[in-house]
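Please treat every number below as a calculation from the coordinates, not as lab data. Given the structure is predicted, the values throughout are model-derived calculations rather than measurements. A quick note on method: Cβ atoms are made from the backbone with ideal geometry, for glycine too, and the neighbour counts reach across all protein chains shown.
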Amino acid sequence: MIIMYDILQKYFGYTSFYPLQEEIINEALSRRDVFVLMPTGGGKSLCYQLPAMLLDGLTIVISPLIALMKDQVDGLLADGIPATLINSSLTYSEIEARRRSLANNEVRILYIAPERLVMPEFLQFLQGLKIALFAIDESHCISEWGHDFRPEYRQLNMLKERFPGVPIMALTATATAVVQEDIIKQLKIADGKTFKASFNRKNLYYQIRPKENPYQQLLRYLDGKKTDSGIIYCQSRKTVENVAGSLKSEGYRALPYHAGLPSEARSENQERFIRDDVEIIVATIAFGMGIDKPNVRYVVHYDLPKSIEGYYQETGRAGRDGLKSDCILFFSYGDKYKIEHFIKQKEDENEREVAYKQLRELTNYCEGNVCRRKMLLAYFGEVFSEQNCGACDICLEPKELFEGTVAAQKALSCIYRVGERFGVNYVIDVLLGSKNQKVLQNHHDEIKTFGVGKEYSKIQWQTFIRELVQLGYARLEGDEYPILKLGEKSRQVLMQNEKVFLTKPVEKHIIQKVAAGDNYDRVLFDRLRALRKAAADKEGVPPYVIFHDTSLKEMSIRYPGSLADLRKIGGVGEMKLKKYGDAFLREILNYCTQQGIKQKPNTLKYQEAPIKQQKSLTAQVTFDLYKQGLSLQQIAARRGLAPSTIYSHLEKLILEGEAVVLDNLMDSKKQQHIKQVCLEMDTELLTPLKEKLGEDYSYEEIRLVRAQLIMEERND
Ligand code: ADP
Ligand code: ZN
């Protein structure tokens, strides 16, 4: 229990668990099988990464995408967790070296693809190791019912026989029940508990806009978002290329991704997106599985997706980090017909029916006047009972009705006068008085309703007509090119003047930017982001491996003024503080000085772990020797470690609250002087302190005294 919180703070830099994480981790620590259902962003990784630090033996993480494994391992290494991967990107001798360090127990977590795991020779090697846990990520890949079935995954069904007694943790974000049952059956983990987190993604804002001129609508949306990361899903490769190319010429950094590109180009574009070299990826649904990028601020569906399940997965890639993000869908009937057209070509009747059903469900979702979140969750069997979700277009922009009898009469009479033989767009052309060839050919420029609808736009008429269909005044016949006909209730409007109420036209089509309203210092955030990017490039890792946007935003709200304050920012663990603390603090400090922002040290509330930190063992050994009166050099020699390591042990001990007396190391006058300078300069940054103190003082000495000062201030 207690140790769990220690590890959470020390390595991951978090102070509390997300829902269900603690329960799941407890199951893992009790060495029981467990099935974890959590939406994207729910915090699945921690469920096996944390136990890996506590369990006796190796945790093996099975993950489908070789290309993304390195980032995951880099992320763990940055937190100070010994992790490695074995896959086909490595040379034979590299693999050998890694196998040796596995055999020597130097690694806590191994990432591996299923096809490698099931190689007979590799299985044999694993059987010689002590394995604590198999964590199977994206476990829905094992099921043929799922949307990402992978034959290699199917072979994992032998794990229980080959490794009896080794617990399995299966994880997925797929919400459908058939797939869930199948996973449990295939992996033979029916005795284990299932944990299902809510699939509500609170930080996502769902919006559906009528699709008029989508590219312009997209540009309007993107305005002012040049530095935000986003995914734009399109239906065809051609649209992907067009949109990506156009955005580029508009000055956005955008790249395409679809199955028609050579695989090197695909991985390169993906990589550049993940590393924040470009902000936008324009893609078909081929893009996205396993992408861990936490700071995707928006997902736009430029075209209609194929199913609610797909839409949920795709939008789910936004806002993994928990910060507000937008999910925008451009809806048009044209797209619907296009998809129907595809469905028609399917040979298999069963497949066709499933596809039609999925499309129907999706159109209901788009046309419905019900909270989007409520409908999405209902689809996955979850009840959302709040009146107003506060983050969807239906809840935020309630529709206002107006008496639209005249508009309805115009539309219905036009449908009648063109002989109930044309589609929606044609009828609108006539209403708007368009002199296109087809209209002229049919002499519909001579009928009474020609040009009577000019007070409304094309898009507005589309909305009206859709509503007239929903209300039963008109109807659509046929699948591919539906014909607009009069509905049963049309007589009452045309002949008896029945009043019709329609949704009031909205003037602005500009999409609200809910996600932009966060209350943080954008200038500082951008500066920290640039610093992060430079460090990431230097190390060859994605920026989020260094710090997540959440951490940078918190810094840009709180302006931490000391390392101790920085440590209290979410996501800043011990390792990261050590590695990046000085650089980030300096940037914040410089900024605050320039802007005249007064930092208040120690104003952040420090959430203590429930119990004092567990002391690290190796530092403790050093401490014992130190207490016996050995000099620093003697300890170093005795332990075969560098003196600088011994210094850092002592620093750590001080920060963990041990009373380390420094008198053996430097005389008290020196200690006094360092303290005085720290306080005078009101800084914890080493470089300026060292400059001021000069040659007679070593970095190590300054660090030790600084650590004592931090503790004194904390205990005030
Ligand atoms: P999933 O795999 O379920 O999509 P991740 O494991 O990638 O989710 O976690 C999503 C995000 O939440 C990551 O940015 C992760 O660092 C963060 N996170 C996970 N657990 C916690 C926690 N207990 N406190 C704060 N942030 C967390
Ligand atoms: Zn809502």
>> Loop only by DSSP, 15 or fewer other Cβ within 10 Å of the Cβ. Give me the GluC sites (Glu not before Pro) in the stretch 307-372 that pass, ordered by residue number.
In response: Glu347
> What Kirkwood hydrodynamic radius, in Å, does the stretch 617-715 give when the mean of 1/r is taken over all pairs of distinct Cα atoms and then inverted?
Replying inline: 13.8 Å
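Counting Lys and Arg as +1 and Asp and Glu as -1, what is the net charge of the other residues whose Cβ lies under 12 Å from the Cβ of Gln595?
Net charge in that neighbourhood comes out at +1.
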> What does the charge dipole of the stretch 522-595 about its Cα centre add up to, to the nearest 20 debye, if the Cβ of each Lys and Arg holds +1 and the Cβ of each Asp and Glu holds -1?
Replying inline: 40 debye
> Whole-Å semi-axes of the stretch 229-322's equivalent ellipsoid, largest first, each the root of 5 times a Cα gyration tensor eigenvalue?
Replying inline: 18, 16, 13
> What list of ³J(HN,Hα) couplings, whole Hz, do you get for the stretch 657-673 from phi and the Karplus terms 6.51, -1.76, 1.60, once you set θ to phi - 60° and write x for glycine and proline?
Replying inline: x, 6, 7, 9, 7, 8, 4, 5, 9, 7, 6, 5, 4, 4, 4, 4, 4
>> Given points 7 Å out from each Cα along the Cα-Cβ axis, report the Phe163 to Ala177 separation in nanometres with one decimal.
In response: 3.2 nm
> In a shell of Cβ-Cβ distance under 13 Å around Ala474, excluding Ala474 itself, what net charge do Lys and Arg (+1) and Asp and Glu (-1) give?
Replying inline: +2
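How long are the three semi-axes of the equivalent ellipsoid of the stretch 522-595, in whole Å, if each is the root of 5 times an eigenvalue of the C-alpha gyration tensor, listed from largest down?
Equivalent ellipsoid semi-axes, largest first: 17, 14, 11 Å.
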>> Test of understanding: what is the full-extension gain from Thr227 to Lys533, defined as 0.36 nm times their sequence separation minus their Cα-Cα distance?
In response: 108.9 nm
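Cα-Cα over 30 Å: which of Lys346/Lys485; Lys338/Lys454; Lys324/Lys399; Lys70/Lys338?
Among Lys346/Lys485; Lys338/Lys454; Lys324/Lys399; Lys70/Lys338, the Cα-Cα distance tops 30 Å for Lys70/Lys338.
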> Say the dipole of the stretch 227-298 comes from +1 at the beta carbon of Lys and Arg and -1 at that of Asp and Glu; which of Ala286, Ala254, Gln270 then lies farthest toward its positive end?
Replying inline: Ala286
> Taking amide hydrogens as modeled 1.01 Å from N in the peptide plane, which residues meet the under 5 Å criterion relative to Gln235, leaving out close sequence neighbours?
Replying inline: Asp303
> Roughly what % of DSSP beta bridges within the chain run antiparallel, to the nearest 5?
Replying inline: 10 percent
>> Counting only Cα atoms, I'd like the Rg/Rh figure for the stretch 400-504, Kirkwood definition for Rh.
In response: 0.94
>> Among 623-635, 71-83, how do they line up by average Cβ neighbours within 10 Å per residue, starting with the highest?
In response: 71-83, 623-635
> Quick one: putting +1 on the C-beta of Lys and Arg, -1 on the C-beta of Asp and Glu, what dipole do you get for the stretch 249-309 around its Cα centre, in Debye to the nearest 20?
Replying inline: 80 debye
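Roughly how many debye, to the nearest 20, is the charge dipole of the chain about its Cα centre, given +1 on each Lys and Arg Cβ, -1 on each Asp and Glu Cβ, and no other charges?
With only Lys, Arg, Asp and Glu charged at Cβ, the dipole is about 900 debye.
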>> Which of His140, His444 has the fewest other C-beta atoms within 10 Å, and how do the rest follow up to the most?
In response: His444, His140
> By its C-alpha gyration tensor, with a ≥ b ≥ c as the square roots of the eigenvalues, how is the stretch 204-396 shaped: rounded for a/c under 1.5, else prolate for a/b larger than b/c, else oblate?
Replying inline: oblate
>> Per 0.36 nm of contour for each residue apart, how much would the distance between Asn213 and Glu680 grow if the chain were fully extended, relative to their Cα-Cα spacing?
In response: 161.9 nm
> Which value, in Å³ per residue, describes the convex hull spanned by the Cα atoms of the chain?
Replying inline: 195 Å³
>> If I take the Cα coordinates of the stretch 541-580 and project them onto the principal axes, what are the three extents in Å, biggest first?
In response: 27, 20, 12
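Considering only the other residues whose Cβ falls under 15 Å of the Cβ of Gly629, what net charge follows from Lys and Arg at +1 and Asp and Glu at -1?
Result for the neighbourhood of Gly629: 0.
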> Tell me, how many Å apart are the Cα centres for the stretch 276-322 and for the stretch 167-225?
Replying inline: 10 Å
> If you take every DSSP beta bridge whose two residues both sit in the stretch 37-190, what share of them, in percent to the nearest 5, is antiparallel?
Replying inline: 0 percent
> In percent, what relative contact order does the stretch 522-595 have, based on Cα pairs under 8 Å that are 6 or more apart in sequence?
Replying inline: 32 percent
> What relative contact order, as a whole-number percentage, does the chain give when Cα pairs under 8 Å and 6 or more residues apart are counted?
Replying inline: 12 percent
>> Can you compute the FRET efficiency between Asn442 and Glu144 using 1/(1 + (r/R0)^6), with r the Cβ-Cβ distance and R0 = 51 Å? Round to the nearest 0.05.
In response: 0.50
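Apply the a/c threshold of 1.5 to the C-alpha gyration tensor of the stretch 15-99 and tell me whether it is rounded, prolate or oblate.
Prolate is the answer for the stretch 15-99, as a/c is 1.5 or above and a/b outweighs b/c.
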>> Are there any trypsin sites (Lys or Arg not before Pro) in the stretch 275-372 that are in a DSSP loop and have at most 16 other Cβ atoms within 10 Å? List them by number.
In response: Lys346
> What FRET efficiency would be calculated for the residue pair Lys579, Gln633, taking the C-beta separation as r and a Förster radius of 35 Å, to the nearest 0.05?
Replying inline: 0.85
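Can you compute the helix-only [θ] at 222 nm over the chain? Use -39500 (n - 2.57) per DSSP H run of at least 4 residues, normalise by all residues, nearest 500 deg cm²/dmol.
-14000 deg cm²/dmol
Would you list Cys366, Cys592, Cys47 from fewest to most Cβ contacts within 10 Å?
Lowest to highest Cβ neighbour count: Cys592, Cys366, Cys47.
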> Principal axis lengths of the stretch 2-196 from Cα atoms, whole Å, largest first?
Replying inline: 44, 39, 30
> Gain in length, Leu476 to Tyr356, computed as 0.36 nm per residue apart minus the alpha-carbon separation, to one decimal in nm?
Replying inline: 41.6 nm
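Return the loop-located GluC sites (Glu not before Pro) in the stretch 637-716 (DSSP other than H, G, I, E, B) with at most 14 other Cβ atoms within 10 Å of their own Cβ; answer none if there are none.
Glu695
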